[in-house]
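Single-structure report; data block below.
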C-alpha cells in the first residue's frame, strides 16, 4: 500500500512539472510565431504531444527543427527530450554511486587509481570538506594566500557543477602594480579580490582548482585559449560496453567553456569509425545555424579528421570499465597537448548535444533502441505513454 501511495505521489509531482513546462513552452512558441511556415497553433499541439510522449521541450523542438515538414512522424518519435530524462537515464544504475561522478575529485581519484591520466588537481576550496590527499582551502583568506603564489594558468570549477556554470579560467599574472591576472579567453584583467568574490562568496559552494589544460595543436586552430572536448556516449550491456555516438564541442573563443549554449559555441558530429567531423551547429536565438568552417578562426570543420580517434575510443572504454554502476554515460574527453584525457562522466547526459549534431534522434541508433526495449524503459520517457518503437 505504501509503495502504491509513493508511486502516486511521484506521478503527481511529474504532472505538476508537466504543467509548468507547458507554460514555459507556450511562451517560447509565441515568441517564435513568425519564425516558420507552420502555423503556431499546429506547432504548439505538435510539440506538446512530443513533450508528453518523448519529453521534448519547446526549446529543444526549435533547436532541432522538429517542426520541419521534412521530418516524418516516425522520425520525430525517435527524438527524446530533457524533460524527465533523469527517469530513464538513471533507472538501471545501481543506487548510491552517483557521488563518484558528481564529485569531480573522487572521479579523478578513481581514474588515477586505474592508471588513466587526468587533470592535475592543485587544491579544493571548501569550508567543510575533508580530503587527506589534497590541499583544502577553508576560507577566503586561505584562498587569497594560495592564489597569490599559485594563481597562474589554472582552471577553477564547481566541485559538483554542470554545464560549465561557475567556471573561471586564469592565465598569467599581469605585470602591474596591483594584483591582477588574465581572465581567459578574453584576456581581460581580473583582480585578486574579484577572483576571491567569484569563489568564496557562493553560499558554501565548493570548487576544484586544477592546472589549466592546453588544447592540442589540431584543436588550437579553432580557439587557442579554450579546451575543446569530445562527448562520447556509451551503453553498458550484460556482457560488453558499446561506444554509440560522439560529437565535438567546439569553443568560439568567446567563453571559457565549450558548452553549446554558452558564448556562440558549436558542436559537430564525429564519425567514430574514422574520426571525421560533420558541419558544426551553433544556436542563434534558439535556432540551429550550421557552419562548415569556424566563423571566427576560419579553420575548416566539415571533413576535418581527428588523428587519434582509436586512442580516444580505447581511453573511453577503459574509463567505462571502472564505473560498472552506470548503464548509460556521456563522457567528456579533453583533447589536450599531452593527449586525450577524461574530464568528466555524466550519468545524466544532455542528449540534445548528440541529437542536434547528428541531425537524428537517440532512438534512431539500433544500440539505444535495443537498450530501451531490453530494459523496458519506454514508460520512463516523458509522461510514460510512449509506445515502443519496432525492434
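Restricting attention to the stretch 53-73, and to residues there that are in a loop (DSSP other than H, G, I, E, B) and within 21 Å of the chain's Cα centre (by Cα), which single residue is farthest from residue 288 (Cα to Cα)? Working first, answer last.
Within the stretch 53-73, the subset in a loop (DSSP other than H, G, I, E, B) is 55-57, 64-72.
Of the ones still in play, those that are also within 21 Å of the chain's Cα centre (by Cα) are 55-57, 64-65.
Numbers: 55: 20, 56: 16, 57: 15, 64: 7, 65: 8 Å.
It comes out as 55.
Select from the stretch 259-273 the residues that are farther than 24 Å from residue 185 by Cβ and assigned to a loop (DSSP other than H, G, I, E, B) and list them in ascending order.
First, pick out the residues of the stretch 259-273 that are farther than 24 Å from residue 185 by Cβ: 269, 271-273.
Listed by number, the residues that qualify are 271, 272, 273.
The conditions are (1) assigned to a loop (DSSP other than H, G, I, E, B); (2) surrounded by fewer than 13 Cβ atoms within 10 Å (Cβ to Cβ); (3) without any contact (Cβ under 8 Å) to a residue 40 or more places away in the chain, and residue 9 fails exactly one of them. Which is it?
Here residue 9 meets the rest and fails (1).
Which numbered condition in (1) surrounded by fewer than 20 Cβ atoms within 10 Å (Cβ to Cβ); (2) modelled with pLDDT of 95 or more; (3) not assigned by TED's automatic domain parsing to the domain that holds residue 108 is the only one that residue 322 fails?
Answer for residue 322: the failing condition is (3).
Give just the number: which of (1) under 26 Å from residue 352 (Cβ atoms); (2) in the same structural domain as residue 318 (by TED's automatic domain parsing); (3) not in a strand (DSSP E or B) does residue 238 not satisfy?
(1)
Given the conditions (1) modelled with pLDDT of 95 or more; (2) not assigned by TED's automatic domain parsing to the domain that holds residue 339, and given that residue 167 satisfies all but one, which numbered condition is not satisfied?
Status for residue 167: all satisfied but (1).
crowded, with 20+ Cβ neighbours inside 10 Å and either assigned by TED's automatic domain parsing to the domain that holds residue 349 or not in a loop (DSSP other than H, G, I, E, B) (or both): does that describe residue 76?
Yes; evaluated as a whole, the condition is true for this residue.
For the stretch 274-391, which fully contained strands (runs of 3 or more DSSP E) count at least 3 residues that are touching a helix residue (DSSP H, G or I) at 6+ places or on another chain (Cβ under 9 Å)?
277-284, 328-336, 339-346
If a residue has to be part of a helix (DSSP H, G or I), exposed (fewer than 15 other Cβ atoms within 10 Å of the Cβ) and touching a residue at least 12 places away in the same chain (Cβ under 8 Å) to count, how many in the stretch 84-112 make the cut?
1
Take residue 21 and decide whether it is in contact with a strand residue (DSSP E or B) (Cβ under 8 Å, 6 or more places away or on another chain) and either within 21 Å of residue 290 (Cβ to Cβ) or in contact (Cβ under 8 Å) with a residue 40 or more places away in the chain (or both).
Criteria not met by residue 21.
Can you tell me how many residues within the stretch 159-170 are surrounded by fewer than 18 Cβ atoms within 10 Å (Cβ to Cβ) and out of contact with any helix residue (DSSP H, G or I) (no Cβ under 7 Å at 6 or more places or on another chain)?
5
The values are calculated or read from the model by the stated rules, or taken from the named source; none is laboratory data. Keep in mind the model is a prediction, meaning the values are calculated, not measured. Note: ideal-geometry Cβ built from the backbone for every residue, glycine included; neighbour counts use all protein chains shown.
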